[in-house]
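**Student:** Structure below; questions to follow.
The values are calculated or read from the model by the stated rules, or taken from the named source; none is laboratory data. These figures come from a predicted structure and were not determined experimentally. Positions of Cβ are generated from backbone atoms using ideal geometry, with glycine treated the same way; all protein chains shown enter the neighbour counts.
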Amino acid sequence: MTVDRSTRAAAAGLSTPDGGRPVVELRGATLGYGGRVLWRDLDLDVAPGEFVAVLGPNGSGKTSLLRVLLGQQPLSAGTVRVAGEPPGRANRTIGYVPQQRALDPTVIMRGRDLVGLGWDGHRWGVGLSRIRERRRRVDAALAAVDALGYADRPVGLLSGGEQQRLRVAQALTGDPRLLLCDEPLLSLDLANQQVVSRLIDERRHTAGTAVLFVTHEINPVLPIVDRVLYLVDGRFRIGTADEVMNSETLSELYGTGVDVLRVRGQIHVVGAHSGLCEDQPHHLGEH
Amino acid sequence: MDKLFDWDLTLRLLQYDFVQAALLAAAVLGLLAGVLGPLIVSRNMAFAVHGTAELSFTGGAAALVAGLNVGFGAIVGAVLAALVFGLLSRRTADHDSVIAVVLSFGLGLGVLLLWFYKGRATNKFGLLVGQIVGVDFTSVLLLSVCAVLVLGVLAVLYRPLLFASVDPEVAGARGVPVRLLTPVFAVLVGVATALAVQVVGALLVLALMITPAAAACRLTASPVRATMLAVLFAEVAAVGGIVLSLAPGAPISSFVTTISFVIYMGCWVLARSRGRTRGVSRAAAAPAVPQPAHR
């Protein structure tokens, strides 16, 4: 299903757009460790094809939210459903793109093998029975991210951008209904940031994959974001980028004066303290 | 030197039952080591396998003193060690030093145990440098049963294990029981190591478990092809080592390790000439991406 402007507008509220049950349903979700509450009473529905960016300073529970959806971390209170099922049951319908981190150069694996694991790596057995279908799927996924040129090289020797394209292909081979991305653009250069976000954007339009995109830097995905979930210190705001990324809302969230500047279509958050990740240098991968 | 290449003598010796039993045992081990090797290399577990082998020696020595079956003691020691090493996170910084600490203590304990043992001296050395010519058909049968069990479990677990080995984070997200697979794989490695210890000895297990896989991954990055090559290399080293050692009556381990080493060097040279040595490639010529500072 494709999300047009009106559906996006509908999705900006908490209501469910027409055409199917939300892929992610959080109700009164609360997560805390020890005495500390990461977020409380979080209600969030993510519709098929919707792109939700999750922002917030380090330690605000962005990655923990993904872990909850993957069934790796139980909620302290509230309920969560993924693809209509309790978390952990639905992992086969979830694609996961981790932070860019160089794969161990010792691993014996080519790009196409890494992508293939996204298709059937969770199945038992050696996988001889569906080898043709596997090959067809892997080739299609590699072509979609334009990675056929280096698909037969050892993954440990590929550049960060190449590895991250393979990650996207790996996450998409299984035709996921939900794509969870944990800082997938971190330490990529600008060109590769654009490639990776464009790939994800295309997919959710053509296949109706819902996307939850954890990032500390909204600008690379600003043109494609439907809604923003901004987490700070147990508090949060959900809404369109315009609704959340403004001085008033963020000052309220942070409990201190924060200025949000719009410069040439980009959003810059200028805060009083270092907790604002948006101000940290993010072009680590540029040369 | 004449004696080293006395083929008539070699052919005559090959008629003996005990020699044939030894060759069969070596063939089974070569298969097992070749199949496990690439996974061990991918998991960066070479040193853990070395430690496992040393503690297999300790277990065997303890069994010898206690009057129990040495092979049984070796398996118990190896499985325990593999479990401990397997459960240490390989991402932690002190992974290797913990293995070294346990390994050296275990080896020292084994030497002390052997000092208590008043039996034949060959039994003592056998565990360290191998004593395959002591195997009979009963032990070959036992070895084969163990090998079939290990390979059977591996066949069922292969894809999730490969996934968890190279890409634990994504594998976990896809529902692969990564934490459960770690001790299971450790047990498989422990059993295989203990079996190998009885053939090439604790000191030289790496020649069968690691070197063939390390050589194979010089030539290919495909997990399937690397596994097939590793099996081939391990078979050549294990079986070839025994055949060559027959005439001179020299220690088998020297031949096994030498063949293994020569294969590795051959693969290294071949990879160099093909210009795809690990670490030097077109990809590495592109600017490296710095690691994220946090997490």
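**Student:** Output the number of residues of the stretch B:161-197 satisfying the condition of being of a type in the set (Gly, Ala, Ser) and more than 30 Å from residue B:140 (Cα to Cα).
**Tutor:** Matching residues across the stretch B:161-197 total 6.
**Student:** Taking the stretch A:191-202 as the search range and keeping residues that are away from chain B (no Cβ under 13 Å) and surrounded by fewer than 22 Cβ atoms within 10 Å (Cβ to Cβ), which one is farthest from residue A:58 (Cα to Cα)?
**Tutor:** So, considering only residues that are away from chain B (no Cβ under 13 Å) and surrounded by fewer than 22 Cβ atoms within 10 Å (Cβ to Cβ), the one farthest from residue A:58 (Cα to Cα) is A:202.
**Student:** Same structure again: Could you figure out which of (1) within 13 Å of chain B (Cβ to nearest Cβ); (2) surrounded by fewer than 23 Cβ atoms within 10 Å (Cβ to Cβ) isn't true of residue A:187?
**Tutor:** (2)
Table: residues versus (1) modelled with pLDDT of 95 or more; (2) within 20 Å of residue A:236 (Cβ to Cβ); (3) out of contact with any Lys or Arg (no Cβ under 9 Å at 6 or more places or on another chain).
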| position | (1), (2), (3) |
| --- | --- |
| A:5 | no, no, yes |
| A:35 | no, yes, yes |
| A:39 | no, yes, no |
| A:67 | no, yes, yes |
| A:93 | no, no, no |
| A:106 | no, no, no |
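**Student:** Can you name the condition, by its number, that residue B:175 falls short on among (1) within 30 Å of residue A:88 (Cβ to Cβ); (2) more than 9 Å from chain A (Cβ to nearest Cβ)?
**Tutor:** Condition not satisfied by residue B:175: (2).
**Student:** Filter the stretch A:95-141 down to the residues that are within 7 Å of another protein chain (Cβ to nearest Cβ), under 16 Å from residue A:171 (Cβ atoms) and small (Gly, Ala, Ser) and list them by number.
**Tutor:** Within the stretch A:95-141, A:121 is the sole residue that qualifies.
**Student:** A further question follows. Can you name the number of the only condition in (1) hydrophobic (A, V, I, L, M, F, W, C); (2) surrounded by fewer than 18 Cβ atoms within 10 Å (Cβ to Cβ); (3) at pLDDT 95 or above that residue A:210 fails?
**Tutor:** (2)
**Student:** Testing residue B:148 on (1) closer than 20 Å to residue B:21 by Cα; (2) in contact with a helix residue (DSSP H, G or I) (Cβ under 8 Å, 6 or more places away or on another chain), one condition comes back false. Which one is that?
**Tutor:** Looking at each condition in turn, residue B:148 falls short on (2).
**Student:** If you don't mind, there's one more thing I want to ask. Does residue B:190 satisfy the criteria of being of a type outside the set (A, V, I, L, M), more than 10 Å from chain A (Cβ to nearest Cβ), buried (at least 24 other Cβ atoms within 10 Å of the Cβ) and more than 23 Å from residue B:264 (Cα to Cα)?
**Tutor:** Against the criterion (of a type outside the set (A, V, I, L, M), more than 10 Å from chain A (Cβ to nearest Cβ), buried (at least 24 other Cβ atoms within 10 Å of the Cβ) and more than 23 Å from residue B:264 (Cα to Cα)), residue B:190 qualifies.
**Student:** Scan the stretch B:163-171 and give yes if some residue there is in contact with a Leu (Cβ under 8 Å, 6 or more places away or on another chain), among the hydroxyl-bearing types (Ser, Thr, Tyr) and touching a residue at least 60 places away in the same chain (Cβ under 8 Å), otherwise no.
**Tutor:** Within the stretch B:163-171 (the criterion being in contact with a Leu (Cβ under 8 Å, 6 or more places away or on another chain), among the hydroxyl-bearing types (Ser, Thr, Tyr) and touching a residue at least 60 places away in the same chain (Cβ under 8 Å)), the answer is yes, since at least one residue qualifies.
**Student:** Now a separate question. Give the residues of the stretch B:244-271 that are among the aliphatic types (A, V, I, L, M), modelled with pLDDT under 95 and crowded, with 21+ Cβ neighbours inside 10 Å, sorted by residue number.
**Tutor:** Scanning the stretch B:244-271 gives B:246, B:252, B:256.
**Student:** Can you name the residue in the stretch A:7-33 that is assigned to a loop (DSSP other than H, G, I, E, B) and at pLDDT 90 or above and, of all such residues, is surrounded by the fewest Cβ atoms within 10 Å (Cβ to Cβ)?
**Tutor:** Among those that are assigned to a loop (DSSP other than H, G, I, E, B) and at pLDDT 90 or above, it is A:22.
**Student:** May I pose another question? Have a look at B:223, B:183 and point out the one that is surrounded by 20 or more Cβ atoms within 10 Å (Cβ to Cβ) and either under 19 Å from residue B:162 (Cα atoms) or without any contact (Cβ under 8 Å) to a residue 40 or more places away in the chain (or both).
**Tutor:** Unique residue meeting the criteria: B:223.
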